[in-house]
1. Conditions first: (1) modelled with pLDDT of 95 or more; (2) surrounded by fewer than 15 Cβ atoms within 10 Å (Cβ to Cβ); (3) polar (S, T, N, Q). Residue 137 passes all but one, so which condition is the exception?
2. Every residue in region 123-134 that is in a loop (DSSP other than H, G, I, E, B) and surrounded by 15 or more Cβ atoms within 10 Å (Cβ to Cβ), please.
3. Being in a strand (DSSP E or B) and aromatic (Phe, Trp, Tyr) is the filter; apply it to region 91-122 and report the residue that is surrounded by the most Cβ atoms within 10 Å (Cβ to Cβ).
4. Give, as residue ranges, the helices (runs of 4 or more DSSP H) completely inside region 156-248 that count at least 2 residues that are modelled with pLDDT under 95.
5. Which residue, of 41, 75, 36, is closer than 22 Å to residue 187 by Cβ, outside the structural domain of residue 136 (by TED's automatic domain parsing) and either at pLDDT 95 or above or β-branched (Val, Ile, Thr) (or both)?
6. So, of the residues in region 1-29 that are of a type outside the set (Val, Ile, Thr) and free of Cβ contacts under 8 Å to residues at least 40 places away in the same chain, which turns out to be surrounded by the most Cβ atoms within 10 Å (Cβ to Cβ)?
7. Here is a list: 84, 58. Which entry is under 25 Å from residue 115 (Cα atoms) and either among the small types (Gly, Ala, Ser) or surrounded by 15 or more Cβ atoms within 10 Å (Cβ to Cβ) (or both)?
8. Going residue by residue through region 31-50, is there one that turns out to be under 27 Å from residue 87 (Cα atoms), touching a residue at least 24 places away in the same chain (Cβ under 8 Å) and of a type outside the set (Lys, Arg)?
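The values are calculated or read from the model by the stated rules, or taken from the named source; none is laboratory data. Here the structure is a predicted model, which means the values were calculated and not measured. All Cβ positions, even for glycine, are placed from backbone atoms using ideal geometry, and neighbour counts span all protein chains on display.
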Amino acid sequence: MIDTLYVNGCSWTEGYLLQEEQAVIDHAKNLGYEFINQYEIKKDGEFVEYHSLNFYNNFNWAGLVAKELNIPKIINHAVGAASNNRIVRTTINYVRNMTEQEKKETLVIIGWTIADRSELYLDDKHGTEDWYRFHASNPFKDTLTRPHLNENFVERIAKLHQQYVVDVHTDYYCVQNFLQQSYLLATLLEYHGINYYFFNSFPVDWRYPDSDAVIYRFQTEILDYIKLNAMNPFDNFFTFIEHKPRFHLSDGHPNINGYKVWAEHILKDMQSKRIV
């Protein structure tokens, strides 16, 4: 019996911006939430972070999958703009604290995100240290974490980021890293006897025009990936609902209907692979 569905990923797993839907607004209001604007939310008069909005699980793909499989408990560790590095790190931390019984009763589903995203553990030497997003496609100074760090420190890291993008970053490394991360996490979950399923929220690599280029460069890794409990790596959430406005919120994230069709797609694939 599956008692818990554990999911991790980025905003396309979290349920980001679903408050554009009236059904979500009404549900949240009944729980004491108030939407101040698109990004600021209060609970009982106090501002709260997106990652604490568990009511999204009533409307995102995780909640719909859990409902269909009669899984009573959902733990969603996804956050907006998360990297695959964060997904692996936080999932491993969760597994470390599971009991043997919980391992038997948990289904893990990972929605891998854009491969060029990463993270760094930073200490500004002024009392602030934590994990921070370090994405090749986003200037470091533009991240939401900037206000929490010393400004001079931010400037120095921003210069490091610029040099990284110009002289270090490559698409090859990003895809290679993702394929290794997926293999390592699958191996860990299998070692602990935890049932799992992987899918890609976005294309494996934005830069390649078609899957043939990725297959050619990563033949061994792709062959290993398709042996995992995973959806075809070239079948992804973004492409599945792309060019279908009825499945999108104002900024392109999935709406309730988008999550519904993807949940159905996930369930069909898991059932065909006898994962559930």
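1. Only one criterion in (1) modelled with pLDDT of 95 or more; (2) surrounded by fewer than 15 Cβ atoms within 10 Å (Cβ to Cβ); (3) polar (S, T, N, Q) is unmet by residue 137, namely (1).
2. Of the residues in region 123-134, the ones in a loop (DSSP other than H, G, I, E, B) are 124-128, 134.
Once the filter is applied, which keeps residues that are in a loop (DSSP other than H, G, I, E, B) and surrounded by 15 or more Cβ atoms within 10 Å (Cβ to Cβ), region 123-134 yields 124, 134.
3. The extreme case among them is 112.
4. On the way: elements: 171-191, 211-217, 219-225, 237-241.
It comes to 171-191, 211-217, 219-225.
5. Numbers: 41 fails: closer than 22 Å to residue 187 by Cβ; 36 fails: closer than 22 Å to residue 187 by Cβ.
Testing whether each residue is closer than 22 Å to residue 187 by Cβ, outside the structural domain of residue 136 (by TED's automatic domain parsing) and either at pLDDT 95 or above or β-branched (Val, Ile, Thr) (or both) leaves just 75.
6. So in region 1-29, the residues of a type outside the set (Val, Ile, Thr) come out as 1, 3, 5-6, 8-12, 14-23, 26-29.
Now drop any that are not free of Cβ contacts under 8 Å to residues at least 40 places away in the same chain, which leaves 19, 22, 26-29.
Details: 19: 22, 22: 9, 26: 9, 27: 17, 28: 20, 29: 11.
Per the criteria, the residue is 19.
7. Numbers: 58 fails: under 25 Å from residue 115 (Cα atoms).
Unique residue meeting the criteria: 84.
8. So far as region 31-50 goes, yes, one or more of its residues are under 27 Å from residue 87 (Cα atoms), touching a residue at least 24 places away in the same chain (Cβ under 8 Å) and of a type outside the set (Lys, Arg).
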